[in-house]
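A short write-up of the structure that comes next.
Nothing in this text is a laboratory measurement; each read-out follows from the coordinates by a stated rule. On a predicted model such as this, the values are computed, not experimentally measured, just so you know. We place every Cβ from the backbone using ideal geometry, glycine too, and count neighbours over all the protein chains shown.
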Amino acid sequence: MIVSAIVAASANGVIGREGDLPWHLPDDMAYFQRTTRGHCVITGRRNWESIPPRYRPLKGRTNIVVSRNPAYVAPGAAVVGSLEAALEHARSLGELEVFVIGGGQLYREALDAGLVDRVHLTRVHAVLEGDTHFPALGPGWREVWRQEHPADERHAHAFTFLLLEREAPERERIEPFPR
């Protein structure tokens with residue numbers, strides 16, 4: 001199973017401010033929906049709670065919420081106690097590619113543990129204030145795809161869609177777009 005992180009982050013790594021996105025980028029939201037539809041998405045409790053209730057659970061996806069509170073209830077989602085349990089749940093469903101969708105703590109845990117194979121990164125070309133950050137990616141990542149998007153009447157900031165793949169020995173390399 002491929003483990004992907006999908007995130008939009010400003011030039012200074014900001015991904016959130018006071019439980020919300022610090023931008024409105026409709027084409028990025030459409031990219032997120034297209035990319036994750038039909039897959040399992042793993043989110044931390046705080047990130048789950050930051051999603052407006054009318055959008056929870058995210059439609060067309062198996063929603064998995066990670067919470068240390070065993071009594072936590074997330075209607076329409078499976079609740080598990082750890083990232084490892086979330087990955088095992090996705091595996092048990094036959095998932096081919098699971099998406100870690102945030103927040104900052106869950107991204108950091110997944111990256112620090114070396115669990116992430118791909119990063120679908122929307123790089124927002126702006127330096128913004130925020131209280132939640134995406135961790136810096138260390139060495140060992142290569143860009144396999146990019147698409148530029150200029151600022152326009154619907155998007156206050158220019159941004160770039162990037163697909164990054166963790167470097168692996170040639171025999172273990174993941175196909176960037178499974179057939």
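Computed values, structure above
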item	result
Dipole moment magnitude, nearest 20 debye, the chain about Cα centre, only Lys, Arg, Asp, Glu C-beta charged	480
Whole-angstrom gap from the stretch 142-156 to the stretch 88-110, using each part's C-alpha centre	25
Added length on full extension, which subtracts the Cα-Cα distance from 0.36 nm per residue, residue 33 to residue 93	19.6 nm
Fraction of antiparallel bridges per DSSP, the stretch 2-172 only, in percent to nearest 5	50
Global form of the stretch 24-104, assessed from the alpha-carbon gyration tensor, a/c cut-off 1.5	oblate
Percent breakdown of C-alpha pair distances by 10 Å bin, ordered from the shortest bin, for the chain	9, 39, 39, 13, 1
Peptides ranked, highest mean first, by Cβ atoms within 10 Å: ranges 7-13, 55-61	7-13, 55-61
Label-point separation, residue 151 to residue 167 (7 Å along Cα→Cβ), nm	3.5
